[in-house]
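Quick notes on the structure that follows.
Nothing in this text is a laboratory measurement; each read-out follows from the coordinates by a stated rule. Remember, predicted model here, so these are calculated numbers, not experimental data. Using ideal geometry, Cβ is built from the backbone for each residue, glycine included, and neighbour counts are taken over all protein chains shown.
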Amino acid sequence: MDADSLAAYAAAEELGLLNLRVTAAQSWDRESGWDQLTGFIDLRDQHSSSLIDAGTLKILQDGVMETFTVALLQPCLTPDAGRGISMFDQDSLNRIITAADVAGFQLHFHVIGDDAVWQSRDALEQALGARTNPCPAHFCQTRPDRQG
């Protein structure tokens, strides 16, 4: 969720028009660099209230099945037999997750493929002392031998 959307929810709350609780997930943009974390913190602190929780950070770690961009451990049955796309390499993902955890964000992961699931899980393990309540979402591919 962006700054304008959060401001709209805050304005609705101020006018007494917001009659539900909102959990707003701010999305990490892989092209925007580290400065965005400060912006996420500022937006969270500015807009969080009794009805608005802006303390969730969404990480998109892979794409979708339909465009063959889902991150897989094994090649899929496509013309190029690809393994899809991981949006962040493991080291970058580890650093993002650790920094978001230290900043007190809940983490929401867009992970569909089994490789993306395990990359995200490994990043969570690297964030020692994690205080987050992670929310993996959308995963469709897992392997029985990597459950745990």
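Values as computed for the structure displayed
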| item | result |
| --- | --- |
| Inter-label distance for Leu20 and Trp34, nm, one decimal - labels placed 7 Å from Cα along Cα-to-Cβ | 3.8 |
| Length-normalised contact order of segment 2-52 in % [C-alpha pairs under 8 Å, at least 6 apart] | 55 |
| Sorted by Cβ density within 10 Å, fewest first, the residues Ile97, Ile52 | Ile52, Ile97 |
| Under 14 Å, Cβ to Cβ, from Ala24 - net charge with Lys/Arg +1 and Asp/Glu -1 | -3 |
